[in-house]
Amino acid sequence: MRRGTLVIVVGLVLVLLGAAGCAQRPVPPAPPAPPPSALDLISQRGELRVCSTGDYRPFTYRDPGTDRWSGIDIDMAGDMAAKLGARLTVVPTTWTNLVADLAAGRCDVAMGGVSVTLERAKKAAYSDPYLIDGKAPITRCSDAGRFQSLAAIDRPGVRVVVNPGGTNADFAKAQLKQATIVPHPDNNTIFDEIIAGRADVMITDASETRWQATQHPQLCAVHPDRPLNFVPKAYLLRRGDLVFQDWVNQWLRLALGDGTYQRFARPWTG
């Protein structure tokens, strides 16, 4: 066999062996399809499910006598459902279970004065903020002069009432070292504890102190225009669903820009 022919034959053998090796190499499986977006599931169900605590006016309130829901964010949820062409179902939850209920798929979004925190952001996603808020004290008007600062509140003998499971309790635990923290499980009746003298002060979002002070003439908000920290409010979404998150952000920008949010807020905040 000539040398040139031999080279060609060897080359063909090597090519065939390489092709055989490629044929035997396992083909990697196709990546799994991403789960459907809540945007598509809401359209299929014809239902928007909104988790809300019902105990945080002016954003969310569930009347225990009539089971009727009201509040700024309940009205916003209704507008969101209308824009999606879906009916609204409000799913009761608690501040302790809020993130878990959302992650478990019991609702599509959580609304109702939800504060942005890094801890929640580990497990869920947020919409763009719609309100900048912060913590402020509320107390009996006769005691307002005593509690003009956090240092004046954090003293032995001062009783600070908190609702467990939310950012109010987290703030009190982190900031108060000498005051007595008094847990109260019902955020709808917690301000009655101050009026009745069973607690001295509560530190909650400035927006709530303003609302509660208008409802209870015995109570005064302390410097709600100068809150103790920076707390944006936003809507809570399941982590990873960028399609629905983008739609919610677009809807929210339009609602803030065309006056929809302000129209819902006006009856509550003036």
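The values are calculated or read from the model by the stated rules, or taken from the named source; none is laboratory data. Since the structure is predicted, the reported quantities are computational estimates derived from the model, not experimental observations. Please note: Cβ atoms are built from the backbone with ideal geometry, for glycine as well, and neighbour counts cover all protein chains shown. Only protein heavy atoms, including side chains, enter the accessible area calculation; ligands, DNA and RNA are left aside. Shrake-Rupley method; radii C 1.70, N 1.55, O 1.52, S 1.80 Å.
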How far is helix 72-84 tilted off the main Cα axis of the chain, in degrees rounded to 10, range 0 to 90? 30 degrees
Taking K and R as +1 and D and E as -1, what net charge do the other residues with C-beta under 9 Å from the C-beta of residue 49 add up to? 0
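How much length would be gained if the chain were fully extended between residue 188 and residue 246, taking 0.36 nm per residue of separation minus their Cα-Cα distance, in nm to one decimal?
Once the chain is fully extended between residue 188 and residue 246, it gains 17.6 nm.
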For the chain, find the longest principal axis of its Cα atoms and tell me its angle to the long axis of helix 206-215, 0 to 90°, nearest 10. 40 degrees
Kindly provide the pair-distance distribution of the chain built from C-alpha pairs, with 10 Å bins from 0 and whole-percent values in order of increasing distance. 6, 26, 27, 16, 7, 4, 4, 4, 3, 2, 1, 0
What is the diffusion coefficient of the range 53-128 in µm²/s, taking the Kirkwood radius over Cα pairs and the Stokes-Einstein relation at 4 °C with a viscosity of 1.567 mPa s? 99 µm²/s
Using a Cα-Cα cut-off of under 16 Å, which aspartates and glutamates could be cross-linked to residue 83, ignoring same-chain neighbours fewer than 8 residues away? 40, 47, 73, 75, 108, 246, 258
So for each of 244-251, 83-90 I average, over its residues, the number of other beta carbons within 10 Å; can you give me the resulting order with the highest mean first? 244-251, 83-90
Is there a quick way to get the dipole size of the chain? I mean about its Cα centre, with the Cβ of Lys and Arg at +1 and of Asp and Glu at -1; what is the value in debye to the nearest 20? 1020 debye
Provide the per residue accessible area, probe 1.4 Å, for the range 120-242, rounded to a whole number of square angstrom. 45 Å²
Surrounding charge for residue 162, neighbours by C-beta under 15 angstrom, Lys/Arg +1, Asp/Glu -1, total -4
For peptides 164-172, 31-39, sequence by mean Cβ density within 10 Å, most packed first: 164-172, 31-39
Bin width 10 Å, alpha-carbon pairs only: give the P(r) of the range 138-226 as whole percents, running from 0 to the bin holding the largest distance. 18, 58, 23, 0
Average projected area of the Cα convex hull of the range 189-237, in nm²? 4.4 nm²
Might you report the magnitude of the Cβ-based charge dipole of the range 117-270 about its Cα centre, with Lys and Arg at +1 and Asp and Glu at -1, to the nearest 20 debye? 220 debye
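Taking every pair of distinct Cα atoms and averaging 1/r, then inverting, what Kirkwood hydrodynamic radius in Å comes out for the range 46-199?
Details: mean 1/r = 0.0586 Å⁻¹.
Kirkwood hydrodynamic radius for the range 46-199: 17.1 Å.
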Quote the relative contact order of the chain in percent (integer), defining contacts as alpha-carbon pairs under 8 Å separated by 6+ residues. 24 percent
Give me the percent of the accessible area of the chain that comes from carbon and sulfur atoms, probe 1.4 Å, all protein chains in place. 58 percent
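Could you rank the peptides 198-211, 68-81, 123-136, 92-105 by their average count of other C-beta atoms within 10 Å per residue, with the highest value first?
Working: 198-211: 23.1, 68-81: 21.1, 123-136: 18.6, 92-105: 17.0.
My ranking of the peptides, most packed first, is 198-211, 68-81, 123-136, 92-105.
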Output the 0 to 90 degree angle, nearest 10, between the alpha-carbon long axis of helix 242-257 and the longest principal axis computed from the alpha carbons of the chain. 40 degrees
Local electrostatic count at residue 211 - Lys and Arg +1, Asp and Glu -1, tallied over other residues with Cβ under 11 Å: 0
